[in-house]
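Have a look at the structure below before the remarks.
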Amino acid sequence: MDYKRILQIKYLEKTYGRGKSSFTAIDEMSFDVLDSEFFAIMGTSGSGKTTLLNMLAGVTKATNGEIIFDGKDINSFSRKELENYRGNLVTYIFQDFKLIDNISSLENVLIPFKIHSKKWDMNKIYRLARRMDIFELLNKYPKDLSGGQKQKVAALRAIAIEPKIILADEPTGALDSKSSIDLLKILKDINKVENTTIIMVTHDSYAASFADRIMFIKDGKLINELMIGDNENQKDYYNRINKANK
């Protein structure tokens, strides 16, 4: 792993409302994400996980604090810089897939390229699809696919544009066990082979055991961190995560 920081989060805060009715979703949080790292964020519902992910994506603006990417706070990006960041440098995998049912899976994969006027390499997309075992699904419509197949297509859409960072928001939340494992193995493979940084929000200890490092949050605050040991197997790591999560 490259130990260069790809994101620096400094005293990040997100507050909704004002005065007595205000609510702090993220409370002065500071941490780094390393280049090529598989980084997981764990916490119960309402802990601030998705709010944090949306802030890292540049979708939700911070009340206070900084998110430093390539030496610059994304909260100070111009409109053009933010469009480039959210379209070419960072991509999203959602729990509910976000596919358009009345166009083919391949057309769904090409949407980010068309939106951001970026050329695509069809041979590379086909190679990725074969590696993810979904080549035969490219001409099918999402409405004809299973949940696991839809999520693989959504993952291909996020991966194909070759982002620096993939943000995954509970990507296995709507999947059965086999589909979840398939997707997690794909993300791990992309992380290791393509050196793509992955930041995954999850409440599931098994999903988190695919990550190199895990940050636990509660009520918008960072409360604990775990990292897989040099010679630690996934089962032992999973058991440690379970204990920490409880």
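The values are calculated or read from the model by the stated rules, or taken from the named source; none is laboratory data. Owing to the predicted nature of the structure, the values given are computational and were not obtained by experimental measurement. Positions of Cβ are generated from backbone atoms using ideal geometry, with glycine treated the same way; all protein chains shown enter the neighbour counts. These area figures cover heavy atoms from the full protein model, side chains too; ligands, DNA and RNA do not enter into them. Shrake-Rupley method; radii C 1.70, N 1.55, O 1.52, S 1.80 Å.
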### Task
Enumerate the pairs (first residue in segment 62-88 and open to solvent by 70 Å² or more (accessible area, probe 1.4 Å); second residue anywhere and outside any loop (DSSP other than H, G, I, E, B) and among the aromatic types (Phe, Trp, Tyr)) with beta-carbon separation below 8 Å, excluding pairs fewer than 6 apart on the same chain, so at least 6 apart or on different chains.
Asn64/Tyr11; Glu66/Tyr11
### Query
If you go through segment 36-53 one residue at a time, do you hit one that is open to solvent by less than 10 Å² (accessible area, probe 1.4 Å) and free of Cβ contacts under 8 Å to residues at least 60 places away in the same chain?
no
### Task
Taking the options Arg240, Arg157, Arg131, Arg213, name whichever one is touching a residue at least 40 places away in the same chain (Cβ under 8 Å) and open to solvent by 60 Å² or more (accessible area, probe 1.4 Å).
Arg131
### Task
Starting from residues that are surrounded by 12 or more Cβ atoms within 10 Å (Cβ to Cβ) and within 19 Å of the chain's Cα centre (by Cα), keep the ones in segment 1-24 and report whichever is nearest to Leu184 (Cα to Cα).
Met1
